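Structure record follows, encoded as structure tokens.
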Amino acid sequence: MTRKLDLSGCWNDVMQLFRGNRELLLSVAGVFILLPSLAFAMFVPRPQSPPDADLATIYANMQAFYEANYGWIILIGLLNGFASIVMLLLMLDRRRPNVREAMRRGLSIILPYYAMGVLSGVLTFLGSLAFILPGIYIFVKLIVAGPVMAAERVHTIIAPMRRSWALTKGNSGRILIFVLVVAVTAFFVYITSVTVFGIIIRLALEGPIAETLTMLIDAVVSMLLSVLMVCVYAGIYRQLAEPDADEIAREFA
């Protein structure tokens, strides 16, 4: 039976997931999201372009930056992905694992999780080549594949994607609206927070201390928003699958 996504109920669920697991989620995000981002920002020099540089020069500098640091960028992405796995397990695994247990299980499913993410990304990209909308549709239909793998212990690549496709039936528009509202709001919160705190810090301090504190604020806000988005995916899954997730999974199988 198709369940309609309750947008207000979903947001309440997102907040409940965050509040109920706040310490665990922030500890995982601090180690696997915040610290790598800070280390990269502090030790890898950003590309510098003269004030009068044209777009071609700026693009060339950015391209050179990514080519010189693609290994570190990929490593940070892998660490962030592992953090997402562990956070989903902490929130959705019915056995209520602690951080150590969630990390151990996360390592055991990391390869199918990444493979599923790559396949989902490829499908979304191919869909986007056909006037964008098919890519958006595929993204929405596969949005809870990760939570399915964490909550229902489905450790293959295709089965969580098929399950996500079934769970989101009849709710694609609602899910898209919910994710867009949260993502746009989070973006403006990020821009506003980093800008306001950056101005305050630069008015009060100067030199390397000001730059370091500004990078710290940027990294902390980015980490918090990353945790929020993982909670959003988990909340959407819970709204669509629970309280009868096990029964639906058996019927789908």
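Might you let me know whether region 156-174 holds any residue that is surrounded by fewer than 21 Cβ atoms within 10 Å (Cβ to Cβ), basic (Lys, Arg) and within 20 Å of the chain's Cα centre (by Cα)?
Looking for residues that are surrounded by fewer than 21 Cβ atoms within 10 Å (Cβ to Cβ), basic (Lys, Arg) and within 20 Å of the chain's Cα centre (by Cα), one finds at least one in region 156-174, hence yes.
Would you mind telling me which numbered condition in (1) surrounded by 16 or more Cβ atoms within 10 Å (Cβ to Cβ); (2) more than 17 Å from the chain's Cα centre (by Cα); (3) among the hydroxyl-bearing types (Ser, Thr, Tyr) residue 124 fails?
(2)
Condition check ((1) closer than 26 Å to residue 182 by Cα; (2) surrounded by 17 or more Cβ atoms within 10 Å (Cβ to Cβ); (3) in contact (Cβ under 8 Å) with a residue 40 or more places away in the chain; (4) out of contact with any Asp or Glu (no Cβ under 8 Å at 6 or more places or on another chain)) across all residues:
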{"position": "39", "(1), (2), (3), (4)": "no, no, no, yes"}
{"position": "77", "(1), (2), (3), (4)": "yes, no, no, yes"}
{"position": "96", "(1), (2), (3), (4)": "no, no, no, yes"}
{"position": "109", "(1), (2), (3), (4)": "no, yes, yes, yes"}
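Under 9 Å by Cβ, and 6 or more places apart or on different chains, what pairs join a residue from region 201-215 that is part of a loop (DSSP other than H, G, I, E, B) with one that is surrounded by 15 or more Cβ atoms within 10 Å (Cβ to Cβ)?
Taking only residues 6 or more apart or on different chains, the pairs are 205/213.
Mind checking which residues of region 54-75 are of a type in the set (A, V, I, L, M) and surrounded by 12 or more Cβ atoms within 10 Å (Cβ to Cβ)?
Here is the first cut: in region 54-75, the ones of a type in the set (A, V, I, L, M) are 55-56, 58, 60, 62, 64, 68, 73-75.
Result: 58, 60, 62, 68, 73, 75.
If we only count helices (runs of 4 or more DSSP H) wholly inside region 1-104, which ones have 1 or more residues that are closer than 20 Å to residue 151 by Cα and of a type outside the set (Phe, Trp, Tyr)?
Filter on region 1-104 gives 7-20, 22-29, 55-92.
Each value in this text was obtained by applying a stated rule to the coordinates, not by laboratory testing. Being a predicted model, the structure only gives us computed values, none of them experimental. Note that each Cβ is placed from the backbone with ideal geometry, even for glycine, and that neighbours are counted across all protein chains shown.
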